[in-house]
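The structure appears right after this line, and notes come after that.
Every number in this text was worked out from the coordinates using simple rules, so none of it is lab data. Keep in mind the model is a prediction, meaning the values are calculated, not measured. Virtual Cβ from ideal backbone geometry, glycine too; neighbours counted across all protein chains shown.
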Amino acid sequence: MRSVAYFFCVVLVALSTFYASLVSLLSLFRPPSTFLLSVDMFLLFGSLVPPILANWLPRSAVSVLGYLMLFLATRRTWLFIVRKERTPVSFGAFQNLLALIGLAFFALGWGTMIFGASVSSGFTAAILFIPAMVCIPWAFFLTEIFSFRRGPIKSAA
């Protein structure tokens, strides 16, 4: 379960981070366009600061955190693909708990959007995504920062 939780955290954060970088790059060349709500809700996990709170922080701080997440997501993607390092040792109990809470709220939010679409206006689903937008990026961030302190894993051959 630990590996599955971390894998979903990495996928959500990496997709979100790469998507945000691509949209930022494309906005330099053409005006921003609107995207589907379901895609935007899927890709809100690339920042340590949820979009709701991003307006309260200085723009430079949000940008620096975004570049840091881009670096960490690129590093972890490289480690997954090239070096075949899956779940790092630094994905401890607290980070695992954060990831599981975030994934539970992510699943509840999507379930509410899909099954409650005829009943609800989407407000309930948006509220359920807020804990996921906080827990998943922080679980990924803490794991990656702590993995720097542990150093590379040496094989016991």
For this session: With the condition kept exactly as written, say whether any residue in the range 83-103 is assigned to a helix (DSSP H, G or I), surrounded by fewer than 18 Cβ atoms within 10 Å (Cβ to Cβ) and hydroxyl-bearing (Ser, Thr, Tyr).
Result: no
Exercise. Would you pick out the residues in the range 59-95 that are closer than 20 Å to residue 49 by Cβ, more than 16 Å from the chain's Cα centre (by Cα) and among the hydroxyl-bearing types (Ser, Thr, Tyr)?
Worked result: 60
For this session: Go through the range 5-32 and count every residue that is among the hydrophobic types (A, V, I, L, M, F, W, C), farther than 18 Å from residue 78 by Cα and surrounded by 12 or more Cβ atoms within 10 Å (Cβ to Cβ).
Result: 4
